[in-house]
Amino acid sequence: MSINIELALERLWTCAAASIPEWLPMRYIDWLPAVYETSLKLKASAKGRSNIYLVLLDYSDRDGSYGIYVGMSKYSPAQRFDQHKAGIRAAGSVLKRGLEVLTGPTMHLQYIKRSEAARIEVQLAEALVEAGLMVKGGH
C-alpha cells in the first residue's frame, strides 16, 4: 500500500506542485496519524512569537524507518528547517537526516508564547516517544 501512495504523491507533486499546500507530507508514513492525534492534545493559551515544528528524519541506513525531530523557534518551520540544512544552529540529526518539515500536525502551535512553546516542545517529544516513535530534539 505504501508503494502505491508514494507513487501517487510523486505524480501529484509533478502535475500540481504549485497548488499543493505546504502542510501536506510528501511521503507516506504509517505513524503520521498518531503524530496528528498526539499533537492535537497539546494546546497553547497565549499568543507570542514562537513556533513548534516537526521534521521527518530518515533512518533508512539503519533499519529502514523514519524518525521525527521536535523543535521550537521564533522562525517559521520552513525557515528553521532551511537553517538546519544550511548548518545554521543545526541539530546534527536534522542536518544529516532531515527530509521535510511536517507542518500539518503543529499548525495550531504557531505564534505562541515562548514559555508555552518550551513546555509544549518537551511534552510533545515525550508523548511521541510514548507512542513508539524515534524522537530527537524536544529539549
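The values are calculated or read from the model by the stated rules, or taken from the named source; none is laboratory data. Quick caveat: nothing in here was measured; it's all calculated off a predicted structure. Ideal geometry is used to build each Cβ from the backbone, glycine not excepted, and the neighbour counts take in all protein chains shown. With ligands, DNA and RNA removed, areas are computed over all heavy atoms of the protein, side chains included. Shrake-Rupley method; radii C 1.70, N 1.55, O 1.52, S 1.80 Å.
Provide the gained length on full extension for the span Ala131 to Cys15, in nm with one decimal, where the gain is 0.36 nm per separating residue minus the Cα-Cα distance. Before the final figure, lay out the partial values.
Details: separation 116, 0.36 × 116 = 41.76 nm, distance 3.50 nm.
Residue separation times 0.36 nm, minus the Cα-Cα distance, leaves 38.3 nm.
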* Out of every Cα pair in the chain, what percent are spaced more than 26 Å from each other? -> 21 percent
* Asked: Taking Cα atoms, how many degrees apart are the long axis of helix 77-86 and the longest axis of the chain, rounded to 10 and kept between 0 and 90?
  -> 70 degrees
* Asked: So if R0 is 25 Å, what FRET efficiency would Asn4 and Asp61 give, r being the distance between their Cβ atoms, rounded to the nearest 0.05?
  -> 0.55
* Structure fact -> Over the chain, with neighbouring protein chains present, the accessible area per residue in Å² at probe 1.4 Å is 57 Å²
* To do: Enumerate the calculated ³J(HN,Hα) couplings along region 133-139 in order (Karplus 6.51 cos²θ - 1.76 cosθ + 1.60, θ = phi - 60°), each rounded to whole Hz, writing x wherever the residue is Gly or Pro.
  => 8, 7, 10, 10, x, x, 9
* Probe 1.4 Å, all protein chains in place: accessible area of Ser39 in Å², nearest 10? -> 0 Å²
